[in-house]
């Protein structure tokens, strides 16, 4: 690590400890800390220990609360005999957590959602690395899904670090501008431009490097709350590309709109370009851009059986109608989620309508 300008040699957490002997024995024997310093020799009042990335100063005469320490363990139950926490003799609470916890996937909670770009500037909140976030699914479908409209107003280098996400599914679609990206085992830096898309498989390391002024992307993830972890050890790009590498049962996808072919889609008059995510996720998700050529009427009334069905208007105007709901006029930047078994229709309001269309799973039934 580079030297800090304050020239800090070490940092310690001070814990009040009237029961110094018992507490010292607890931290050493039960939790594996190492004694670094103890004084005075004839009547010890202070002991300094280190371990597991911490440096503790047990001080008999210190004031304050005994504190809380969280330990990430490979087997928390084995360390605590099945308990989720321990208490040291001085009262310090030791919280035990799994070092690699399983993905917490909330049960489905489908709902009809319509969000509009015109709802105001206050819809944008500050996020990580200088990014501005607009929530496209405010109810998060019970915590199972998140969809974000992300923008970076000022172009230039992005203060990002090599990181990864503990997720079930995550994709990024470039709506406006461009962004330079690096991904683990996927070769040198590349530029994602408007219309392009990437699938970020679980735990693939990546970094945002630079972007154009006014960059806008749409990011969809499952579950809504997921860990973003920094990898300080890995440098990108990695030396040997492995484009077919498996990451948690998925492969990285870089879809380039300029090279994509359009094909007829489910409904008469519609065309779509397949992003390639269904094949890369073994059917977990299907992502397409759908367009409505001149004269196409839109999507007729129908129902679906998908876990999650999301649309984002890229271009044009459409009218959304759904069972028991007031119709909604949608323009670029607006988004919707349609729950399973709800009849809905989308009327093309003019030439040039294009939608980003995301469904989980890829193979779902439609009833017209």
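Key figures
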{"read-out": "Mean shadow area of region 82-130 over all directions, Cα convex hull, nm²", "value": "8.4 nm²"}
{"read-out": "Gyration tensor (alpha-carbon) shape descriptor, region 254-325, a/c threshold 1.5", "value": "oblate"}
{"read-out": "Rg to Rh, two decimals, where region 123-254 supplies the alpha carbon set and Rh follows Kirkwood", "value": "0.94"}
{"read-out": "Structure-derived volume of the Cα convex hull per residue in Å³ - corresponding label in (1) 190; (2) 160; (3) 136", "value": "(1)"}
{"read-out": "Cα shape, region 42-185, gyration tensor, a/c 1.5 rule", "value": "prolate"}
{"read-out": "Residue with peak Gaussian network fluctuation, the chain [Cα springs, cutoff 10 Å], from 328, 212, 50", "value": "50"}
{"read-out": "GNM top mover of 56, 215, 320 - the chain, alpha-carbon springs below 10 Å", "value": "56"}
{"read-out": "Spin-label pair residue 257/residue 343, simplified geometry with 7 Å Cα→Cβ offset, distance in nm", "value": "3.5 nm"}
{"read-out": "Overall Cα dimensions of region 13-98, principal axis frame, Å, largest first", "value": "38, 23, 19"}
{"read-out": "DSSP-defined beta bridges in region 1-63 - what % are antiparallel, rounded to 5", "value": "75 percent"}
{"read-out": "Highest-fluctuation residue, 161, 37, 171 considered, GNM on the chain with Cα pairs under 10 Å", "value": "37"}
{"read-out": "Residue-span extension gain [residue 302 to residue 105] - 0.36 nm each, minus C-alpha spacing", "value": "68.1 nm"}
{"read-out": "Gyration tensor verdict on region 263-367 (Cα atoms; rounded if a/c is under 1.5, prolate if a/b is larger than b/c, oblate otherwise)", "value": "oblate"}
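Any read-out appearing in this document is the output of simple, stated calculations on the displayed coordinates, not a laboratory observation. Since we're looking at a predicted model, the values are computed, not measured. Cβ: placed from backbone, ideal geometry, glycine included. Neighbour counts: every protein chain shown.
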